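This report concerns only the one structure given below.
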Amino acid sequence: MSPRQLVQAWVEAFNRADVDALASLYTTDAVNHQVAEVPVRGRDNIREMFASGFALAQMQCIVANLFEDGQWAILEWRDPSGLRGCGFFQVLDGRIAFQRGYWDKLSFLRLHGLSLPDRPQGI
């Protein structure tokens, strides 16, 4: 699969909340870094990250734009509530080796009625 095709398969698995299918798209030593969170390393940990996320909130990824450049796919997305973000996927040997995502965590928490993080003292 090309990087673009792989990310299309990722979106389909994400929208089914299919954590096993999602995990299968990553290399065993992949890194998923959602910049609002600490990087997650390894396919099993990435699977658990998705399982935890889907247990907290019903999420849907609507593709706004999907581009491919060499071994990279770039996804601009939105959800039905209006949250927007983008993801960068490095694909090596037909699997995602690295992913970085940008989205507004505070808006996500508010949209899903989840508790807001504690503010550091003095802010």
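The values are calculated or read from the model by the stated rules, or taken from the named source; none is laboratory data. Not measured: the values here are computed from a predicted model. Heads up, the Cβs are rebuilt from the backbone with ideal geometry, glycines too, and the neighbour counts pull from every protein chain shown.
Answer yes or no as to whether A13 is touching a Leu at 6+ places or on another chain (Cβ under 9 Å) and either free of Cβ contacts under 8 Å to residues at least 40 places away in the same chain or buried (at least 16 other Cβ atoms within 10 Å of the Cβ) (or both). Break it down stepwise before answering.
Working: touching a Leu at 6+ places or on another chain (Cβ under 9 Å): yes; either free of Cβ contacts under 8 Å to residues at least 40 places away in the same chain or buried (at least 16 other Cβ atoms within 10 Å of the Cβ) (or both): yes.
It is true that A13 is touching a Leu at 6+ places or on another chain (Cβ under 9 Å) and either free of Cβ contacts under 8 Å to residues at least 40 places away in the same chain or buried (at least 16 other Cβ atoms within 10 Å of the Cβ) (or both).
Does N45 qualify as being touching a residue at least 40 places away in the same chain (Cβ under 8 Å), out of contact with any Phe, Trp or Tyr (no Cβ under 6 Å at 6 or more places or on another chain) and not hydrophobic (A, V, I, L, M, F, W, C)?
Numbers: touching a residue at least 40 places away in the same chain (Cβ under 8 Å): no; out of contact with any Phe, Trp or Tyr (no Cβ under 6 Å at 6 or more places or on another chain): yes; not hydrophobic (A, V, I, L, M, F, W, C): yes.
Taking the combined requirement at face value, the residue does not satisfy it.
Of note, E48 does not satisfy the criterion of being of a type outside the set (G, A, S), surrounded by 12 or more Cβ atoms within 10 Å (Cβ to Cβ), modelled with pLDDT of 95 or more and in a strand (DSSP E or B).
Given G53, G70, G82, G42, which one is surrounded by fewer than 18 Cβ atoms within 10 Å (Cβ to Cβ) and under 11 Å from the mean Cα position of the chain (by Cα)? Show your work before the answer.
Numbers: G70 fails: under 11 Å from the mean Cα position of the chain (by Cα); G82 fails: under 11 Å from the mean Cα position of the chain (by Cα); G42 fails: under 11 Å from the mean Cα position of the chain (by Cα).
After ruling out the rest, the residue left standing is G53.
Taken over region 18-36, the residue count meeting the criterion of being of a type in the set (D, E) and out of contact with any helix residue (DSSP H, G or I) (no Cβ under 8 Å at 6 or more places or on another chain) is 1. Taking residues in region 79-93 that are modelled with pLDDT under 95, and partners anywhere that are in a strand (DSSP E or B) and of a type in the set (K, R), the pairs with Cβ atoms closer than 8 Å and at least 6 places apart or on different chains are R84/R78; G85/R78. For region 41-58, the count of residues that are touching a His at 6+ places or on another chain (Cβ under 8 Å) and among the small types (G, A, S) is nonzero. Out of everything in region 16-39 that is under 12 Å from the mean Cα position of the chain (by Cα), in a loop (DSSP other than H, G, I, E, B) and at pLDDT below 95, what residue ends up being surrounded by the most Cβ atoms within 10 Å (Cβ to Cβ)? That would be A36.
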